[in-house]
Amino acid sequence: MMKLNEFEKRLVAHPIRRWFQSKVELPILVSLFKGSPSPTPMVLEIGCGFGHGIPLILEHFKPMQLTAVDIDGDMVEACRQQWQHHPNVMISQADAEQLGFQDNQFDLACNFAVFHHIPQWQKALAQVYRVLRPGGYFLMEDLYRAAICNPLSKRLFDHPQTNRFDHQSLLDELQSCGFEIVNQAHILNLSGMILAQKPRHYLS
Ligand SMILES: C[S@@+](CC[C@H](N)C(=O)[O-])C[C@H]1O[C@@H](n2cnc3c(N)ncnc32)[C@H](O)[C@@H]1O
């Protein structure tokens with residue numbers, strides 16, 4: 001497992017990043033739904049980090065239950081301290097490459113800048129597909145190969161450098177898992193946002 005280094009931890013927790021996520025990223029991500037999002041009683045957040053995405057998911061999607069997972073025990077602990085008493089939030093430690101949830105359980109899965117950290121991200125996509133119910137959505141924003149495999153980024157961060165993806169290879173892999181692409185956008189192939197849906201009627 002590759003943990004975030006101290007610099008990235010500070011960046012993720014910085015008020016400017018939190019402001020940007022809440023005022024810019026989430027409104028754009030929600031707008032990918034073309035109208036109001038359908039009801040999402042069961043939501044999974046993968047790689048919740050310090051939990052800054054949790055209030056945003058609660059605000060925008062109003063789930064009955066939000067399950068937030070992260071692979072890093074320290075992150076999970078920090079998140080638990082803040083959220084363990086909220087009746088709609090469950091925090092647990094899990095690796096996105098092998099999620100211990102039943103099939104067809106969630107209405108929505110969210111990835112806020114996590115998959116670029118996952119060595120076998122294709123396995124994680126297949127897991128997300130498995131745990132979503134037919135008709136469920138996968139909402140994601142992430143960083144691409146060009147953003148993380150360059151000398152500056154390599155100096156500042158600890159990101160896997162092999163088997164990375166760009167916008168098109170991510171779309172291709174989503175589709176080969178079985179997802180339909182509902183909406184998508186990218187910025188100079190450095191980062192992108194995608195809303196994908198598991199078909200309502202699908203062949204397993
Ligand atoms: C850049 S941080 C983003 C955190 C949070 N989503 C946010 O937007 O503030 C990436 C997070 O993904 C987690 N992560 C990395 N690999 C993971 C995996 N295989 N399964 C679950 N979480 C993972 C890291 O521990 C870290 O908390």
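Where a number appears in this text, it was derived from the coordinates with a stated rule and is not lab data. Remember, predicted model here, so these are calculated numbers, not experimental data. Note that we place each Cβ from the backbone using ideal geometry, even for glycine, and neighbour counts take in every protein chain shown.
Brief remarks on what is shown
- Computed from backbone phi with θ = phi - 60° and the Karplus coefficients 6.51, -1.76 and 1.60, the 3J(HN,Hα) list for segment 44-51 is 10, 10, 9, x, 6, x, 6, x Hz; x is used for glycine and proline.
- Added length on full extension, which subtracts the Cα-Cα distance from 0.36 nm per residue, residue 81 to residue 103: 5.0 nm
- Between amide H atoms placed 1.01 Å from N, distances below 5 Å from residue 67 occur with 43, 44, 45, 90, all of them 5 or more places distant or on a separate chain.
- Summing Lys and Arg as +1 and Asp and Glu as -1 over all other residues whose Cβ lies under 15 Å from the Cβ of residue 26 gives a net charge of -1.
- When the Cα gyration tensor is reduced to axis lengths a ≥ b ≥ c, the ratio a/c is 1.5 or higher for segment 1-95, and with a/b not above b/c it is classed as oblate.
- Going by neighbour counts of Cβ atoms within 10 Å, the residues 26, 125 line up, fewest first, as 26, 125.
- On full extension, the segment bounded by residue 17 and residue 180 gains 55.7 nm, given 0.36 nm per residue less the C-alpha separation.
- Vicinal HN-Hα couplings computed from phi for segment 186-191 (Karplus, 6.51 cos²θ - 1.76 cosθ + 1.60; Hz; Gly/Pro x): 9, 10, 6, 6, 9, 8
- Rough spin-label spacing in nm, given labels placed 7 Å along Cα→Cβ, for residue 156 and residue 190: 0.9 nm
- Pair residue 93, residue 1: separation of 7 Å Cα→Cβ label points (nm): 0.6 nm
- Here segment 81-204 carries DSSP beta bridges of which approximately 70% are antiparallel, counting only pairs with both residues inside.
- Built amide H within the under 5 Å cut-off of residue 191, gap 5+: 144
- Bins of 5 Å, starting at 0 and running to the largest distance - Cα pair percent for the chain: 1, 7, 16, 21, 23, 18, 10, 3, 1, 0
- The mean sequence separation of alpha-carbon pairs under 8 Å and at least six residues apart, normalised by the residue count of the chain, gives a relative contact order of 20 percent.
- Other residues within the sphere of radius under 14 Å centred on the Cβ of residue 158, judged by their own Cβ, net out at +3 (K and R +1, D and E -1).
- Each label was represented as a point 7 Å from its Cα along the Cα-to-Cβ direction; for residue 38 and residue 146 these points are 3.4 nm apart.
- Extension gain for residue 200 to residue 62 (0.36 nm times residue separation, less C-alpha to C-alpha distance): 47.5 nm.
- Relative contact order, whole percent, for segment 102-204 stands at 33, derived from Cα pairs under 8 Å and 6 or more residues apart.
- As a rough footprinting exposure proxy, the listed residues 90, 42 were ranked by other beta carbons within 10 Å of their own, and the order from fewest upward is 90, 42.
- Cα centroid of segment 145-183 to Cα centroid of segment 1-40, whole Å: 17 Å
- Pairs of alpha carbons in segment 109-187 whose separation is greater than 21 Å (percent): 26 percent
- Of the trypsin sites (Lys or Arg not before Pro) found in segment 1-66, those that fall in a DSSP loop while having at most 10 other beta-carbon atoms within 10 Å are 34.
- Fewest-first sequence of 106, 179, 165 by Cβ atoms within 10 Å of each Cβ: 165, 179, 106
- Overall, the chain carries a charge dipole of about 280 debye about its Cα centre when +1 sits on the Cβ of Lys and Arg and -1 on the Cβ of Asp and Glu, all other atoms neutral.
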